[in-house]
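Student: A single structure is presented below for examination.
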């Protein structure tokens, strides 16, 4: 049994967006502040893509709740099912939390011109406060690293099942293709 088509499309779209966001975030924070593209292009597009991730994870959750999902393969050990459930739960939380911390950074930073979402200025819900910004920045960075670690674990798990558990019916990758 495969995941519903809507979930598969959202899954792979989010995978591309999240990899892109992690790469862009790492790239732009290392850019020299004197490079105009850093603040004219990289940050605005990073913020916009972060809002797309936030919307997609909410849509994905709604679609997931309303869908019939394939069960974990019966050949999975109990620890594999528990780890999978915990990792997926943490992925969902971080896919929400990381963009929310980015939005909080942008809202609270006194130098920020806000978050434009495809030309629409989103409301800033927090007061400008650079001390709060620094906390949000630190939390955003470390939660993004945590998300990266979980994504790597997720990919390694799928590869493990694909390469080592395939013969006994544990290959989960075709369910998301």
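Student: Where the centroid of each part is defined by its Cα atoms, how far is segment 23-74 from segment 114-177 in Å?
Tutor: Each part's Cα centre sits 7 Å from the other's.
Student: If you don't mind, another one. For the chain, what is the relative contact order in percent, using Cα pairs closer than 8 Å and at least 6 residues apart in sequence?
Tutor: Relative contact order, the chain: 26 percent.
Student: Still on this structure, please answer the following. Per residue, what volume in Å³ does the convex hull of the Cα atoms of segment 5-176 enclose?
Tutor: Output value, Cα hull per residue: 129 Å³.
Student: To the nearest 10 degrees, how steeply does helix 5-30 sit against the main Cα axis of the chain, on a 0 to 90 scale?
Tutor: Result, in degrees: 40.
Student: Over segment 77-163, what number does the Rg to Rh ratio reach, with both radii from the alpha-carbon atoms and Rh per Kirkwood?
Tutor: My calculation of the ratio gives 1.15.
Student: What full-extension length gain, to one decimal in nm, is calculated for residue 110 and residue 69 as 0.36 nm per residue of separation minus the Cα-Cα distance?
Tutor: Result: 10.3 nm gained on full extension.
Student: Same structure again: What do you get for the angle between helix 130-163 and the principal long axis of the chain? Use alpha-carbon atoms, 0 to 90 degrees, nearest ten.
Tutor: 20
Student: Let me ask something else. Between residue 120 and residue 84, take the C-beta separation as r, use R0 = 41 Å, and let me know the FRET efficiency to the nearest 0.05.
Tutor: My answer for the efficiency is 0.60.
Student: Please give the peptides 7-17, 87-97, 102-112, 125-135 ranked by average Cβ packing (other Cβ atoms within 10 Å per residue), highest first, as a rough proxy for protection.
Tutor: The most tightly packed comes first, giving 102-112, 87-97, 7-17, 125-135.
Student: At 222 nm, what value in deg cm²/dmol follows for the chain if DSSP H runs of at least 4 each add -39500 (n - 2.57) and the sum is divided by all its residues, to the nearest 500?
Tutor: -23000 deg cm²/dmol
Where a number appears in this text, it was derived from the coordinates with a stated rule and is not lab data. The model shown is predicted, which means the values in this text are computed figures rather than measured ones. Backbone-built Cβ (ideal geometry, glycine too); neighbour counts: all protein chains shown.
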